[in-house]
Every structure is written in C-alpha cells, then in structure tokens.
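See below for the structure under consideration.
The values are calculated or read from the model by the stated rules, or taken from the named source; none is laboratory data. The structure displayed is predicted, hence computed values, not measured ones. Heads up, the Cβs are rebuilt from the backbone with ideal geometry, glycines too, and the neighbour counts pull from every protein chain shown. Quick note on the areas: whole protein, heavy atoms, side chains included, nothing else; ligands and nucleic acids left out. Shrake-Rupley method; radii C 1.70, N 1.55, O 1.52, S 1.80 Å.
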Amino acid sequence: MLASGTGTILEALLEAGLPVTVVLVDRRCRAEEVAAAAGLAVEVVERTDFGAGFDRERYSGEVVAALAPHRLDVLAMAGFGTVLGEAFHGAYPGRVLNTHPSRLPAFKGWHAVEEALAAGVAETGCTVHVATLEVDEGPILAQEVVPVLAGDDAARLHERIKAVERRLYPATVRAFCEGLGASDEHGERRARA
Ligand code: GRF
C-alpha cells in the first residue's frame, strides 16, 4: 500500500484480512505508525521537494527501488500525496489501484471534497479505479454515491465518504486480486502471496 495520511483505509484493508505486506509513505504520517503496529514492512521514501523543480521521475524510480525487494503483485494507493510517473506505472502496469473521494470523472485531484461542496452538488461519492499515468483516470472498478447533507463542511463530508471507502475499497481490492489469481499463469504464486 502507498499512503500519506491518517491510514484509516489501510486499517480497513487490514481488518478485511487482505495480505498487505509493505506500506510505503512519502512523509512521516499516521499510516506509517499503523503499518508498524501491524508488524508490516514500512518503506519511507521521503519527498523533500514540493516545488516546481521536483524531479518526479527520479522520485518514482526511488519508489520502485524501495518496493522491488517485496515482489508485489498489486499496489493499492490510499491518499498517497505524490503523483508518480512513468518509472512507477511502467513497473506495475495495470496493477495499481486507487480510491478517490468523488464519483469520477467529476472532481479529480487533491481537493475533490472541497470542490464538490463548492459546486453545490446534491450528491458526490467515491471511486475505486486502476491508476494510470493520468491522475484520477483509468478504468473504474467500483463507485458509490454519498449524499451531501445540509450543514456539511469538507471534514464532515469527507469522513462520510471515507466510511464508504473503508467498505468499498477492501471488497474491490479483494475482487481484483482474485481476478488476477484466476486469470494469470502465475495464479498459484499469487494465491499464496
Ligand atoms: C481517502 O479519502 C482517499 O480517497 C483520499 O485520501 C483519503 C485517505 O484516508 N485520496 P486515510 O489517510 O486512509 O484515512
């Protein structure tokens, strides 16, 4: 798993019994603590540059190098705060999943919840999709609607969306992994992983 935040979605994957082996973070965050407490391997590939000169490809290469020894089949992002480039997506084509707090293609990007509120929509939601080089694009695997309620601010609305993500993401990741195991010539190895 790749995470940068509070790690509640990581907790949901663990509670669902999914075989998470390593958690990679791009900054010190609660997700790292959750992973360590669960006895998982933790890789910290700290991003130090948030400016215009950020070398995205080089950073992506560092992420790939950190993950390589873990021999991963599927990667699940949850609130990972760095957009990764070709070096990363090329290493795991079609094997990176993401959960996003809107009903894509509406409200792509980091401020999806705030933008849904600002747009005054009656409902938003969440999306699980295959992550590709283009941010918040890629084949959609599952979506669910979450109503916007009177008096919602971004924190309240996001928390209700995350409650749905904590159910939808583990179920969708599991189905995706089972699909790989059934259709892949390495299914035996994947089933054991
Ligand atoms: C989720 O809403 C995810 O969709 C978004 O970041 C949040 C991660 O939550 N991109 P947490 O850090 O797992 O609590």
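Highest mean packing first, where packing is the average number of other Cβ atoms within 10 Å per residue, the peptides 150-158, 167-175 line up as 167-175, 150-158. The distance linking the range 113-143 with the range 26-51 is 25 Å (Cα centroid to Cα centroid, whole angstrom). Among VAL20, VAL128, VAL145, the order of accessible area from largest down is VAL145, VAL20, VAL128, computed with a 1.4 Å probe on protein heavy atoms. Charge dipole (Cα centre; +1 on Lys/Arg Cβ, -1 on Asp/Glu Cβ; no other charges) of the range 16-88 amounts to roughly 160 debye. Computed over neighbours whose Cβ is under 10 Å from that of ALA116, the net charge equals -3, Lys and Arg +1, Asp and Glu -1. Using the Cβ-Cβ distance between ALA150 and ALA16 with R0 = 30 Å, the FRET efficiency computed as 1/(1 + (r/R0)^6) comes to roughly 0.40. LEU104 contributes an accessible area of around 10 Å² to the protein surface, as traced by a 1.4 Å probe with all chains present.
Can you pull the one-decimal nm distance between simple spin-label points at HIS70 and THR6, each 7 Å off the Cα toward Cβ? If labels sit at HIS70 and THR6, their model points lie 2.3 nm apart. Per q in 0.08, 0.11, 0.15 Å⁻¹, report the Debye log10 I(q)/I(0) for the chain, using one uniform scatterer on each alpha carbon and no solvent. Scattering profile of the chain, log10 relative to I(0): -0.25, -0.49, -0.92. Taken per residue, the accessible surface of the range 2-180 reaches 47 Å², heavy atoms only and a 1.4 Å probe.
Between TYR92 and LEU40, full extension at 0.36 nm per residue minus the direct alpha carbon distance yields a gain of 16.6 nm. About its Cα centre, the range 2-180 has a charge dipole of approximately 280 debye under the convention of +1 per Lys or Arg Cβ and -1 per Asp or Glu Cβ, with nothing else charged. Quick check: the angle from helix 56-67's long axis to the longest principal axis of the chain, C-alpha only, nearest 10 degrees? Between helix and principal axis, roughly 60 degrees.
Between the listed residues PRO101, LEU2, VAL173, the Cα displaced farthest toward the positive end of the dipole of the chain, a dipole computed from Cβ unit charges relative to the Cα centre, is found at VAL173.
Rolling a 1.4 Å probe over the protein heavy atoms of the range 27-178, with every protein chain left in place, gives an accessible area that is 55 percent carbon and sulfur.
Ordered by solvent-accessible area of protein heavy atoms (1.4 Å probe), largest first, the residues THR127, THR21 come out as THR21, THR127.
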